[in-house]
Amino acid sequence: MTTANKPKLTIVGAGPGDLELITLKAVKALENADVVLYDALVNEELLQYAKQAEIIFVGKRFGCHAYSQDQINDLIVSMAKSKGHVVRLKGGDPFVFGRGSEEIDFASQFGIETAIVPGISSAMGVPASNGISLTQRKVAESFWVITGTTSEHKLSKDVSLASQSSATVVILMGMNKLDEIVALYQNNRNDDLPIAIIQNGTKTTQKKVIGTISTITKLVEENQIASPAIIVIGEVVKNASKLTSYMEEELCFDSFLEEEFILQNLDEVI
């Protein structure tokens with residue numbers, strides 16, 4: 001076997017969704033890939049960097065799996081041995097509820113070289129892009145990142161613990177447990193904390209609602225917010241409107257360019 005075809009697995013974080021929120025190292029890995037196995041939350045436009053690779057969708061979403069995790073593990077090994085460099089492209093960061101460590105451990109058992117390219121987790125990238133600072137002096141000294149749904153399809157017990165703290169709480173994969181989350185906060189607290197829910201964060205299809213624990217369920221229903229979405233709970237959400245969000249800057253910049261283009265063309269006509 002030649003060096004070029006040496007079995008290798010690189011776990012790559014694709015970031016929260018925006019095409020530009022991917023690292024240079026991740027792009028280089030895609031350019032050098034022989035096979036790319038990508039997940040459902042990955043922006044498919046990123047696959048343009050894998051010009052010479054075989055592309056395989058292995059996405060898993062709630063109630064619908066293209067491949068089981070065991071099948072993905074086996075596919076990684078078989079493709080690495082037959083093709084060479086396998087890039088496992090995952091949304092966000094592969095080590096934040098991405099099962100990246102499990103896939104590396106499995107591949108390592110077969111003597112396959114492994115590497116990891118971190119990505120921007122949606123837990124941090126999506127709030128930041130919407131002007132929500134997870135920590136803030138005199139408001140929040142820490143933040144929790146919790147899975148909303150465990151492997152047993154239950155709400156994580158950590159949500160109850162987190163709800164009793166002053167920390168900002170970010171819940172991933174929690175939309176199907178929203179009623180339970182709201183009930184926990186109402187049982188554990190006397191205040192009506194601000195909460196934001198952001199669907200398709202950082203993408204052009206992004207939707208969001210901001211309310212309080214007592215109003216959020218109705219807002220989600222009225223605005224038809226659904227998965228994939230992240231939930232951000234805490235006083236920092238209240239201050240989000242004071243900051244210019246990443247998405248707003250993008251829209252303002254696009255509007256500025258459009259206005260400049262129109263003015264330039266008017267000058268030419270005149």
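The values are calculated or read from the model by the stated rules, or taken from the named source; none is laboratory data. Small disclaimer: the values here were computed from a predicted structure and weren't measured. Cβ placement follows ideal geometry from the backbone for every residue including glycine, while neighbour counts extend to all protein chains displayed. These accessible areas exclude ligands, DNA and RNA; they are computed on the full protein's heavy atoms, side chains included. Shrake-Rupley method; radii C 1.70, N 1.55, O 1.52, S 1.80 Å.
Here are the numbers for this structure:
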{"read-out": "For the chain, calculated [θ]222 nm from helices alone, where every DSSP H run of n ≥ 4 adds -39500 (n - 2.57)", "value": "-10000 deg cm²/dmol"}
{"read-out": "Computed magnitude of the charge dipole of the range 8-117 (debye, nearest 20; Cβ of K, R +1, Cβ of D, E -1)", "value": "140"}
{"read-out": "Greater than 28 Å apart at Cα, pairs in LYS90/LYS138; LYS177/LYS203; LYS51/LYS203", "value": "LYS90/LYS138"}
{"read-out": "Options (1) 18.4; (2) 16.9; (3) 13.9 - which one matches mean projected area of the Cα convex hull in nm² as calculated here", "value": "(1)"}
{"read-out": "Protein accessible area in the range 122-239, 1.4 Å probe - carbon and sulfur %", "value": "49"}
{"read-out": "Inter-label distance, nm, simple model (7 Å from Cα along the C-beta direction), LEU161/GLN136", "value": "2.6"}
{"read-out": "Assigned charges on the beta-carbon of Lys, Arg, Asp, Glu; the chain dipole about Cα centre (debye)", "value": "1000"}
{"read-out": "Vicinal HN-Hα couplings computed from phi for the range 44-60 (Karplus, 6.51 cos²θ - 1.76 cosθ + 1.60; Hz; Gly/Pro x)", "value": "5, 5, 5, 5, 4, 6, 9, 5, 9, 9, 7, 9, 10, 7, 10, x, 10"}
{"read-out": "Distant-in-sequence amide H partners of LEU41 (H built 1.01 Å from N, under 5 Å)", "value": "GLY91"}
{"read-out": "Carbon and sulfur %, accessible surface of the range 8-117 computed with the full protein complex present, 1.4 Å", "value": "50"}
{"read-out": "Radius, Kirkwood style, for the range 8-117 when every pair of distinct Cα atoms is counted (Å)", "value": "13.5"}
{"read-out": "Whole-number accessible area per residue in Å² for the chain, which is evaluated in the context of all protein chains at 1.4 Å", "value": "55"}
{"read-out": "Cα lying deepest toward the dipole's positive end in the range 94-236, options VAL169, ILE181, THR215, charges on Cβ", "value": "THR215"}
{"read-out": "Set of the range 92-108 residues, backbone N closer than 18 Å to the point 7 Å along the Cα-Cβ line of ASN188", "value": "none"}
{"read-out": "Sequence ranges 196-206, 87-97, ranked by mean other-Cβ count within 10 angstrom, highest first", "value": "87-97, 196-206"}
{"read-out": "Listed peptides 230-236, 179-185, 16-22 by packing density, highest first (mean Cβ within 10 Å)", "value": "230-236, 16-22, 179-185"}
{"read-out": "Antiparallel bridges, percent of DSSP beta bridges restricted to the chain (to nearest 5)", "value": "45"}
{"read-out": "Interatomic Cα distance distribution for the range 122-239, bins of 5 angstrom, percent", "value": "2, 12, 25, 27, 22, 10, 2, 0"}
{"read-out": "Cα-projected label distance for SER151 with THR217, points at 7 Å along beta-carbon direction, nm", "value": "3.1"}
{"read-out": "Other-chain or far-sequence residues with amide H under 5 Å of GLU54's (modelled H)", "value": "VAL35, VAL36"}
{"read-out": "Using θ = phi - 60° and Karplus 6.51 cos²θ - 1.76 cosθ + 1.60, couplings along the range 219-228 (whole Hz; Gly, Pro as x)", "value": "5, 4, 5, 5, 9, 6, 7, 9, 5, x"}
{"read-out": "Spin-label model distance (nm) - LYS6 vs GLN224, 7 Å beyond Cα toward Cβ", "value": "5.2"}
{"read-out": "Built amide H within the under 5 Å cut-off of GLU113, gap 5+", "value": "LEU9"}
{"read-out": "Additional length obtainable on full extension of the chain from GLN52 to VAL27, 0.36 nm per residue less Cα span", "value": "7.7 nm"}
